[in-house]
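The values are calculated or read from the model by the stated rules, or taken from the named source; none is laboratory data. Note that the structure is predicted; figures quoted are calculated from it, not measured. When we count neighbours, we look across all protein chains shown, and the Cβ atoms used for this are built from the backbone with ideal geometry, even at glycine. Note: areas computed on protein heavy atoms with side chains; ligands, DNA, RNA excluded. Shrake-Rupley method; radii C 1.70, N 1.55, O 1.52, S 1.80 Å.
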Amino acid sequence: MIWLLDLDNTLVGRDDAFALWAADAVARAGGSGDDLAAIVAADGGGFARKTDVARVIADRLGWEADLPAVVERFRAGILAHVRAYPGVPALLDGLRAEGDRVVVVTNGTSAQQRGKIARCALAPHVDAVVVSEEEGAAKPDPRLLEVALERVGADGADRRDVWMVGDALHADVAAGRAAEVRTGWVSHGRDAGDGPAPDVVGRTVHDVVAAVRALAAPAGPAPARP
């Protein structure tokens, strides 16, 4: 089996790291809870334009409106606070020990995404890392998944044995469906709404992997006839 795993909010707590940095920045600036809520909302789970987020931060905290500098400050803050979710390295090691291949497939800049991987010491636990900035394609573009499969020599794999797992329906699940692989959604307890339907849903990446394993498990022996 080949696992194409998103990074942010799938393997590592990117939003948690941003919120921790923002709370510290607001406190240092003498801001309010409303300021913190506005900054976190502006971030949009990491999908908002970075200069738009920076503008809200500068306005709320009274910082100089040098937006590129503000972007660099909050990116550095994320790197300082980011952590892998509990049990993730062991989960990845377990998959590979069973003969599966594991690739991190992430949108973002090379410096930021590889910085998170280094900070969380994940590189030894995966077979490859594919970053959108380096490849010129970003999820939901399925080309990024094709690059990931090629990177581990699995471009000819049966697509039923390939799983794209991530927390973003519009990026991870949509990319998986476009690439005609199977998909798992890390929901964090959210409702899918009208987003593209994944094959498997779990609150955490551990739950998604367990659900996939349950699907793949051979059926037990038929009960004996009386």
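Tabulated data
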item: Cα gyration tensor shape of region 142-224, rounded if a/c is under 1.5, else prolate or oblate by comparing a/b with b/c; result: oblate
item: Charge context of LEU92, other residues only, Cβ under 12 angstrom, K/R +1, D/E -1; result: -2
item: Selection from LEU95, VAL40, PHE74, by position along the positive dipole direction of the chain (Cβ); result: LEU95
item: In sequence order, calculated HN-Hα J values of region 212-217 (Karplus, 6.51, -1.76, 1.60; Hz; x Gly/Pro); result: 5, 4, 5, 5, 7, 5
item: Fraction of accessible area attributable to carbon and sulfur, region 22-105 (%, probe 1.4 Å); result: 53 percent
item: Assigned charges on the beta-carbon of Lys, Arg, Asp, Glu; region 3-115 dipole about Cα centre (debye); result: 240 debye
item: Which label in (1) 39, 19, 14; (2) 35, 19, 16; (3) 25, 19, 18 gives the computed semi-axes √(5λ) of the Cα gyration tensor in Å; result: (2)
item: Cα-centre dipole for region 123-226 with unit charges at Cβ (Lys and Arg positive, Asp and Glu negative), debye to 20; result: 600 debye
item: Å³ per residue enclosed by the Cα convex hull of region 30-105; result: 117 Å³
item: ARG96-ALA48 FRET efficiency (beta carbon distance; Förster radius 45 Å; 0.05 resolution); result: 0.85
item: Choice from ALA128, ALA69, ALA168 with maximal GNM fluctuation in the chain (Cα, 10 Å cutoff); result: ALA69
item: Extension reserve of the ALA214-ALA80 stretch, reckoned as 0.36 nm per residue once the Cα distance is removed; result: 44.6 nm
item: Rounded to 5, the percent of DSSP beta bridges in the chain classed as antiparallel; result: 5 percent
item: Net charge over other residues, Cβ less than 10 angstrom from the Cβ of PHE18 (K, R count +1; D, E count -1); result: -2
item: Around ALA111: net Lys/Arg minus Asp/Glu count, Cβ-Cβ under 9 Å; result: +1
